[in-house]
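Scroll down for the structure; my scribbles are underneath it.
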Amino acid sequence: KLLPKAGKNIYIEPPFHADYGYNIITGDNVYFNVNCVVLDVCEVKIGNNVFFAPAVQVYTATHPLDALLRRSKENGKPITIGDDCWIGGGTVICPGVTIGNRCVIGAGSVVTRNIPDDSLAVGNPARVIRKIENSREA
């Protein structure tokens, strides 16, 4: 099984790539569109009702800037994506980031820092441009 820690109703459009798969923990109703990549050196937690557009890249892997230290084993930082998120096409989610509940990340964004609940974030680096109003708790 590609994702042994997956919830119910997980749909993955091929091609899809994961380093290990067992570090990816999903809630229910998660959709990965085509060409998504999850480098799961560390844990990737994905909430319920999360939709990934095409070519989203989720990178837990990280490397030291020092060339000698880069010769060591791989390392990384975990990523968490909350419930009810939509991640736009071509988005890159960098190591150590938490994306809150009910967020929308605009296409082509590079998420380098945490995004709070109910936020619309876009750009490189991704910045919150506004709160999403009238979000309802499930």
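Values quoted throughout were computed directly from the atomic coordinates according to the rules given, and no laboratory measurement underlies them. From a predicted model like this one, the values you see are computed outputs, not experimental measurements. When we count neighbours, we look across all protein chains shown, and the Cβ atoms used for this are built from the backbone with ideal geometry, even at glycine.
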Contact order normalised by residue count of segment 65-138, Cα under 8 Å, 6+ apart, percent: 22
Could you tell me which of the pairs 8/131; 77/131; 5/77; 5/131 are separated by over 25 angstrom between their Cα atoms in the structure shown? 8/131; 77/131; 5/131
Once Lys and Arg get +1 and Asp and Glu get -1 on their Cβ, which of 62, 14, 38 lies farthest toward the positive end of the dipole of the chain? 62
Sites residue 74 and residue 34, calculated FRET efficiency, Cβ-Cβ separation with R0 25 Å, nearest 0.05: 0.45
Can you give me the distance in nm between label points at residue 67 and residue 127, each placed 7 Å from the Cα along the Cα-to-Cβ direction? 3.5
Can you give me the distance in nm between label points at residue 43 and residue 5, each placed 7 Å from the Cα along the Cα-to-Cβ direction? 0.6
